[in-house]
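The values are calculated or read from the model by the stated rules, or taken from the named source; none is laboratory data. Only a predicted model underlies this, so the values are computations on that prediction, with no experimental measurement involved. Cβ sites come from the backbone with ideal geometry, for glycine too, and all protein chains shown count toward neighbours. Heavy atoms of the whole protein, side chains included, go into the accessibility calculation; ligands, DNA and RNA do not. Shrake-Rupley method; radii C 1.70, N 1.55, O 1.52, S 1.80 Å.
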Amino acid sequence: MDLHQAPDWGKFMEKIGWRSLLVTGGPGEAPSRVYLKKIPLLGSIIKIPRPTSPLPYSALEKLARAERALFVKVEPLDEREITTLTKNGYDEDHWPLTPTCVIKIDLRASLPEIQKNFHEDARYSLRKAERNGITVEVIQPSTAVDPKKVLESFYKIFKKTGEKKGFWVPPFKELLAKSKSFGENADLLLGRFGEPVSGAFLLFHGKVAYYNVAASTELGRKLLAQYLVMGEIIKRAKDRGCETLNLEGIYDPRFAVSRRWKNLTVFKKKFGGEVISLPGSYTKYYNPLVKLLFKLNR
C-alpha cells in the first residue's frame, strides 16, 4: 500500500479539510482510500492517489454522482490500471499531484553495502560535514515535551528555503497536522551547527520510510549538513526495521511541473537506489465547463 492510501495519511487529510473515505466495490475490486472536498454551491472534487488495483469503478461512479463531483482525479500505482481507466472515461492529464518518478533505496543490505553505492562525492561530503562540526539530532515529535516548538525549528528552515528557491511552502499547520496524524510514525532529523541548519521530516508506513520534506539554510548547504542528515536518515530507517527508503519526487521529463526538482534530483541520486517511474494522472470530468477550463490552461 502506498503512503497516500495509509490510514495515517487519511487522518492527515481529514485535519486539513478533506473527507477520507474507504470505497469498496464488488468481487475482485480492492478498497481504495478516496479524498473528497466540498466546493460551496458547486459540488465537490475527488482525488484518489496511488490506489491499489483494480479500482472499484462502479462504487466510484455512484459516489461521484451522489456528491456532485466536478471531477475525479486518479493517480494509479500500476500501469495495468490505465487501460481500464480510459475505458471508464478517464483521460490522461498533465498536472499530477503526487511524484511520478521516485528513488527507492533497498535497506535490506548491510549499512556498509548500502554506502558502497553512494557516489564518491556523497561519501566525501559526509566526511566533510562531520569535519565541519555538523551533528544530527533525531527527534520523534510525538514524544517531545513541546512538539510544536520542535517542528517550528525545522519549519523556519523550510520556509526560508522555499522563499529563496521560489517554491510554494504549505502553512505550518499542515506540518503540525501531519506530525499529529502519524504520531510515532513520524521522525524529525535536525542537522545542527549550534542551531539547526538542515533538517528532514520522515514518515513511516509498513516497512517503508518516506523522505517527505527536507530543507537547509544557506550556511547548512555550505557546511554540507544535508549530506550528514541523509546519512543519518538511512541509519534511522534501518534501525526502525524498514526495508525501503523512498526518497520521493525527482525530475520527470514527462511533466513540466517537476522541473523545479532538477537540483534536488542530482542530490538524491548521489545516494544510489533505483529510479522508479510511475503512471501519470487521469481525470474524469463531470462538468463540461470545468473540463474546458483545464484544457485551456494546459
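Name, by its number, the condition in (1) of a type in the set (Val, Ile, Thr); (2) more than 22 Å from His4 (Cβ to Cβ); (3) at pLDDT below 95; (4) under 19 Å from the mean Cα position of the chain (by Cα) that does not hold for Ile234.
Ile234 satisfies all of (1) of a type in the set (Val, Ile, Thr); (2) more than 22 Å from His4 (Cβ to Cβ); (3) at pLDDT below 95; (4) under 19 Å from the mean Cα position of the chain (by Cα) except (3).
When you go through (1) surrounded by 16 or more Cβ atoms within 10 Å (Cβ to Cβ); (2) under 24 Å from the mean Cα position of the chain (by Cα) one by one for Tyr57, which number turns out not to apply?
Tyr57 satisfies all of (1) surrounded by 16 or more Cβ atoms within 10 Å (Cβ to Cβ); (2) under 24 Å from the mean Cα position of the chain (by Cα) except (2).
Check off (1) open to solvent by 30 Å² or more (accessible area, probe 1.4 Å); (2) touching a helix residue (DSSP H, G or I) at 6+ places or on another chain (Cβ under 8 Å) for Lys47 and give me the number that stays unchecked.
Lys47 satisfies all of (1) open to solvent by 30 Å² or more (accessible area, probe 1.4 Å); (2) touching a helix residue (DSSP H, G or I) at 6+ places or on another chain (Cβ under 8 Å) except (2).
Do we have any residue at all in segment 76-91 that's in contact with a helix residue (DSSP H, G or I) (Cβ under 6 Å, 6 or more places away or on another chain) and assigned to a loop (DSSP other than H, G, I, E, B)?
yes
What is the one condition in (1) surrounded by fewer than 19 Cβ atoms within 10 Å (Cβ to Cβ); (2) closer than 30 Å to Asp239 by Cα that Thr84 does not satisfy?
Against the list (1) surrounded by fewer than 19 Cβ atoms within 10 Å (Cβ to Cβ); (2) closer than 30 Å to Asp239 by Cα, Thr84 comes up short only on (2).
When you check Met1 against the structure, is it assigned to a loop (DSSP other than H, G, I, E, B) and either open to solvent by less than 10 Å² (accessible area, probe 1.4 Å) or under 23 Å from Glu248 (Cα atoms) (or both), yes or no?
yes
Kindly indicate which of Phe71, Phe12 is of a type in the set (Phe, Trp, Tyr) and either surrounded by fewer than 18 Cβ atoms within 10 Å (Cβ to Cβ) or closer than 19 Å to Lys284 by Cα (or both).
Just a single option satisfies the conditions, and that option is Phe71.
Are there any pairs with C-beta distances below 6 angstrom linking a residue in segment 165-180 that is in a helix (DSSP H, G or I) to a residue that is of a type in the set (A, V, I, L, M) and open to solvent by 30 Å² or more (accessible area, probe 1.4 Å), with the two at least 6 apart or on different chains, and if so which?
Correct list of pairs: Glu174/Ile16; Ala177/Ile16.
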